[in-house]
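To start, the structure itself, in C-alpha cells.
The values are calculated or read from the model by the stated rules, or taken from the named source; none is laboratory data. Keep in mind it's a predicted model, so treat the numbers as computed, not measured. A quick note on method: Cβ atoms are made from the backbone with ideal geometry, for glycine too, and the neighbour counts reach across all protein chains shown.
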Amino acid sequence: ALKMAVQTAKGAADLLLIHGSHPEHEIDKVTSPKGCTIAGLNEMEHQGFSSSLIKGIKLSALQAGGLYKDSK
C-alpha cells in the first residue's frame, strides 16, 4: 500500500510539473463521475486534506523563514 501511495503521489506531481496545469484539470482527465478515484479524492477533501496540506506548507515556510532570519 505504501509503494502504491508513493507512486500515485509521484505520478500526480510529475503531471503537474510537466504540464504546468491546475490539479483539477488533471483530476478531470483521470476520473469518472462515480468512479473509485473521485470517491477517494472527495472523501479526502471532506476530511480536510487540502486545507491541512496548505496549512502545513505555510507553517513550514514561515518557520523556515524564521530560521533563515535567525542565521544572519
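For region 17-36, which positions are in a loop (DSSP other than H, G, I, E, B), over 19 Å from Ser50 (Cα atoms) and not small (Gly, Ala, Ser)?
Listed by number, the residues that qualify are Pro33, Lys34.
Any idea which of Ser60, Ser52 is free of Cβ contacts under 8 Å to residues at least 24 places away in the same chain and surrounded by 11 or more Cβ atoms within 10 Å (Cβ to Cβ)?
The unique qualifying residue is Ser52.
Among the listed residues Ala9, Ala39, Ala5, which satisfies the condition of being modelled with pLDDT of 95 or more and either part of a helix (DSSP H, G or I) or within 14 Å of the chain's Cα centre (by Cα) (or both)?
Every option except Ala39 fails the conditions.
Can you find even one residue in region 55-69 that is at pLDDT below 95, in a helix (DSSP H, G or I) and among the β-branched types (Val, Ile, Thr)?
No, the conditions are met nowhere in region 55-69.
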